[in-house]
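Notes to accompany the following structure.
Just so it is clear, none of the values below were taken in a lab; they were calculated from the coordinates. Because the structure is predicted, anything quoted here is derived from the model rather than measured. So basically every Cβ, Gly included, is an ideal-geometry build from the backbone, and we count neighbours across all protein chains shown.
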Amino acid sequence: MPDELSASASTIGTLNKKLQHPIVRAKSPLRISFTGGGTDVPVWYEKYPGAVISSSINRYAYVTMYPRKDREIHIRSLDMEYSVKYHLDEAPAYDGVMDLAKVAIKRLGVERGLDIDVRSDAPAGSGLGGSSALTSALLGALAEFRGVKIGREKLAELNYTVERVDLNISGGKQDQYATAYGGFNCIKFSKDFIAVEPIDVDDAVVNDLEAHMLMCYTGKVRAHANLIDKQVDLLSKGSSTTIDGMKRLYDMVYEMRDSLVEGDLDKFGFLMHESYVNKKRMNPHITDGTPTDSMYEAALHAGALGGKLLGAGGGGYLSIYCPTEKQHEVRNALEAMGALFTDFAFDKQGIQVWRSSSR
């Protein structure tokens, strides 16, 4: 695998001139996906057009790399309290502990020892694209460590390869692009191309959208729910409900984009509700065994206009569009059911990588 990247590095990268600063840091943003999720899975977009609308937020995955004088790799997860050590001359065990980092190191052809610290602002399975954000930060920092720069498209595709091909993690392709590019984007998927189209949202509209958005944690994601695999299975069986739901999710991408550009935020909120409904048409299992449906119904009853279950489902975060005068009632209703609210803001930047001489 390293040879493949090394062969292409000469065409996609240039030598970094700031190698005197030995420590490499990177941060890559998490994201909120508003609609279209599921149409970014290859089994769908190789047959039908796919698209998502999303924005990065001011929550990140962070990576710091310190060079070593030997050929050992030491990886520490500062939030999960995991620790991994291995020698570059010996293949690491792919045992579910820091496997994203292990594969990224192999993909980038690292030949010198590293101490690597990682952490994330979101719990595992949050639905905020945390795995892709972490992989993006790892790949970006490793490329900088090697002295090459990789474009955002190449980074997103390499991220997808690490997650979906090397580690066989089920999922789509939106998160890798959302974290690399940052900002509000309409991301289009087809058999022949992936296109990232930035959405020019007025700053006043962004601020107003933030004022109307709530985000709450509904609970830990159920492990081994295999929700993407269930969606793929429904597609393979030709479920008309799944297909119709996904086609509607695709169409809503452009309707939500237009409502943002025009500043029609109440329409955006109602479309979020329709997205919730059609995501369950796409895959009726996404809320099984979770309090999400009950929480969402309580939010609507308390005055919310719409909401979006983030990620593949099974728990995690719920984003809610709510008139500001009703937010107190919505918060009280959901907190009484165990929801935990978190503040956030939209972020315009994608991955950021830099060098430092300060430990």
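Apply the Kirkwood formula to the chain: the hydrodynamic radius equals the inverse of the mean of 1/r over all pairs of different alpha-carbon atoms; give it in Å with one decimal. Provide the component values of the computation, followed by the final result.
Details: mean 1/r = 0.0478 Å⁻¹.
Roughly 20.9 Å, rounded to one decimal.
Over all other residues within a Cβ to Cβ distance under 15 Å of Ile243, the charged ones net out to +4, with Lys and Arg as +1 and Asp and Glu as -1.
When only the Cβ of Lys, Arg, Asp and Glu is charged (+1, +1, -1, -1), the dipole of the chain relative to its Cα centre reaches about 1040 debye.
For n ≥ 4 DSSP H runs only, could you compute -39500 (n - 2.57) per run for the chain, divide by its residues and tell me the 222 nm figure to the nearest 500?
Details: 12 runs with 139 residues, N = 359.
Calculated at 222 nm, the ellipticity per residue is -12000 deg cm²/dmol.
Only one residue of Ala93, Leu234, Pro42 has its Cα farthest out toward the positive end of the dipole of the chain, where Lys and Arg carry +1 and Asp and Glu -1 on Cβ, and that residue is Ala93. The listed peptides 329-336, 44-51, 80-87, 308-315, ordered by packing as a protection proxy, come out as 308-315, 44-51, 329-336, 80-87 (highest mean of other Cβ atoms within 10 Å first). Each 10 Å bin from zero up to the one holding the largest Cα-Cα distance in region 36-114 carries the following percent of pairs: 14, 34, 23, 22, 6, 0.
Residues in region 72-81 carry Karplus couplings, in order, of 9, 10, 10, 10, 10, 9, 6, 9, 8, 6 Hz; the curve used is 6.51 cos²θ - 1.76 cosθ + 1.60 with θ = phi - 60°, and Gly or Pro positions show x.
For region 2-199, the normalised intensity computed at q = 0.13 Å⁻¹ comes to -0.68 (log10 of I(q)/I(0), Debye sum over alpha carbons, equal scatterers, no solvent). Counting Lys and Arg as +1 and Asp and Glu as -1 over every other residue whose Cβ lies under 13 Å from the Cβ of Ile351, the net charge comes to +3. The order of Thr287, Thr241, Thr35, going from fewest to most other C-beta atoms within 10 Å of their C-beta, is Thr241, Thr287, Thr35.
Amide H contacts for Tyr60 (H built 1.01 Å from N in the peptide plane; partners 5 or more residues away or on another chain; cut-off under 5 Å): Leu30, Asp121. Normalised by the number of residues in region 2-199, the average gap of Cα pairs under 8 Å and 6 or more apart makes the relative contact order 30 percent.
Can you give the charge dipole size of region 203-341 about its Cα centre, rounded to the nearest 20 debye, using +1 on the beta carbon of Lys and Arg and -1 on the beta carbon of Asp and Glu? If you can, show how the numbers build up before the last one.
Working: 14 positive and 19 negative charges, 135 e Å.
The calculation lands at about 660 debye.
Over 19 Å between Cα atoms, which of Lys280/Lys308; Lys191/Lys230; Lys47/Lys173; Lys237/Lys280; Lys27/Lys188 qualify? Write down the numbers at each step before the final one.
Values: Lys280/Lys308 11 Å; Lys191/Lys230 22 Å; Lys47/Lys173 15 Å; Lys237/Lys280 17 Å; Lys27/Lys188 25 Å.
Exceeds cut-off: Lys191/Lys230; Lys27/Lys188.
Paramagnetic label reach from Lys191 (point 7 Å along Cα→Cβ; backbone nitrogen cut-off under 20 Å): within region 37-68, residues 38-52.
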